[in-house]
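Working notes, structure below.
Laboratory data are not the source of any read-out in this text; all were calculated from the coordinates shown. Remember, it's a predicted structure, so these values are computed and weren't measured experimentally. Here the Cβ positions follow ideal geometry from the backbone for every residue, glycine too, while neighbour counts run over all protein chains shown.
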Amino acid sequence: MLPKVSDNLSFLYADICRIVQTDTGVCAEVAAGAGTVHRVPIPTASLACLLLGPGTSITSPALATFMRHGTTVVSCGSGAILHYGSLVPESRTTLWLDRQAHAYTDKAARLTVARRMYEMRFGEEVEEGIGIERLRALEGQRMKALYRSLATKHRVKPFKRNYDPAVWDEQSPVNKALSAGNAALYGVVHSVIAHLGCSPAMGFVHAGKQQSFVYDIADLYKAKTTIPLAFSLHDAENPEARARTLLRTELKLYRMIPRMVRDIQVLLDPELEDEEDDDGPVPTRWRVVDLWDPVLGAVSGGVNYAGEAN
């Protein structure tokens, strides 16, 4: 049986340290000057995901301990932005991957998830039965209106979204800041998706990329994070660097992780939206391994079904 994410300390970010296994547990070693080392114990048994930032190293015994305790280990950029890779322990449940794959392969279910994404993103309901073409049109209209509003607010000449790495220096400060900010947001979202065990490639709105689902989830937050930030940097000397710095510090993308976990789970299982416990929303349920059934979808594991074959 696996614990709920809410029972863990969730995500821990570490940088400029060495994580080692000691006789008493796993610790983060930090140089304290004069050849001394300060050790900070890490509660591996209650940690859901460890984010390793720049300047961090980890020993094999320490990594093995995290794997035994079901902790996902992610290699990331400074401030938890940018996602370089991850290790997901074997004990991690495939609950959310199963639900993602089921919704992804069923056209009706995939459209339902896409519709819920639009509703979550813009805070308005979408009529039942509306097609994906109409959803794209609605999304386009809302984004144009947002760009127009922010351009007027910050007195920016008519803005057109453009991303072309080949002519990066020729782009406007807003476009540079927006591209850099989105890349940072993608990294955080990718880490959350990896921790939940979902596939970053199985998107519901986006398709054809290894990060399609990352783009889907990141779009839920751009209107309140990266887009207004980018327009506020329209006259910055180094807008892309300022965008990354501000996202790491003032906007605290790292602190958005619990909400991202919750939103992904609600998208894949709407019934969780109404479930709460004493500490707030319930991110997931206790879960044992299931057995696949072509009719029922899943039946309980750990049960002897010999009697049913007689």
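Here are a few things to note about the model shown:
- Phi-based couplings in Hz for segment 74-86 (Karplus 6.51, -1.76, 1.60; Gly and Pro marked x): 10, 9, 9, x, 4, x, 6, 8, 6, 10, 9, x, 8
- Proxy reagent accessibility, fewest Cβ within 10 Å first, across Thr71, Thr112: Thr112, Thr71
- Magnitude of the charge dipole, the chain, Cβ model with Lys/Arg +1 and Asp/Glu -1, debye to 20: 1300 debye
- Ranked by how many other beta carbons lie within 10 Å on average, peptides 18-29, 123-134, 184-195 from highest: 184-195, 18-29, 123-134
- Between the C-alpha center of segment 26-42 and that of segment 214-253 there is a gap of 33 Å.
- Gain in span if fully extended, Arg142 to Arg68, counting 0.36 nm per residue against the direct Cα distance: 22.0 nm
- Whole-percent P(r), segment 69-172, all Cα pairs, 5 Å bins from 0: 2, 9, 11, 11, 13, 16, 16, 13, 7, 2, 0.
- Rh by Kirkwood over Cα pairs, then Stokes-Einstein D for segment 1-154 at 0.890 mPa s and 25 °C, µm²/s: 128 µm²/s
- Entries in Lys176/Lys209; Lys107/Lys160; Lys160/Lys224; Lys176/Lys224; Lys107/Lys252; Lys107/Lys176 that, when Cα-Cα distance is taken, lie over 27 Å: Lys107/Lys160; Lys107/Lys252; Lys107/Lys176
- Projecting label points 7 angstrom from Cα along Cα→Cβ for Ser46 and Thr105 puts them 3.9 nm apart.
- Taking other Cβ atoms within 10 Å as a rough exposure proxy, Lys252, Lys160 sort from fewest to most as Lys160, Lys252.
- Length gained when the stretch Ala241-Ile130 is fully extended (0.36 nm per residue, less Cα-Cα span): 35.9 nm
- Förster radius 51 Å - calculated FRET efficiency between Glu90 and Met120 (Cβ-Cβ, nearest 0.05): 0.95
- According to the Kirkwood relation over distinct C-alpha pairs, the hydrodynamic radius of segment 95-268 is 17.0 Å.
- Rg/Rh, computed from the Cα trace of the chain with Rh as the Kirkwood radius, has the value 1.01.
- The mean sequence separation of alpha-carbon pairs under 8 Å and at least six residues apart, normalised by the residue count of the chain, gives a relative contact order of 18 percent.
- Neighbour counts of other Cβ atoms within 10 Å put Cys17, Cys49 in the fewest-to-most order Cys17, Cys49.
- For segment 152-202, diffusion coefficient by Stokes-Einstein and Kirkwood Rh (Cα), 4 °C, 1.567 mPa s, µm²/s: 99 µm²/s
- Here is the P(r) of segment 5-87: all C-alpha pair distances, binned every 10 Å from 0, give 19, 53, 26, 3, 0 in whole percents.
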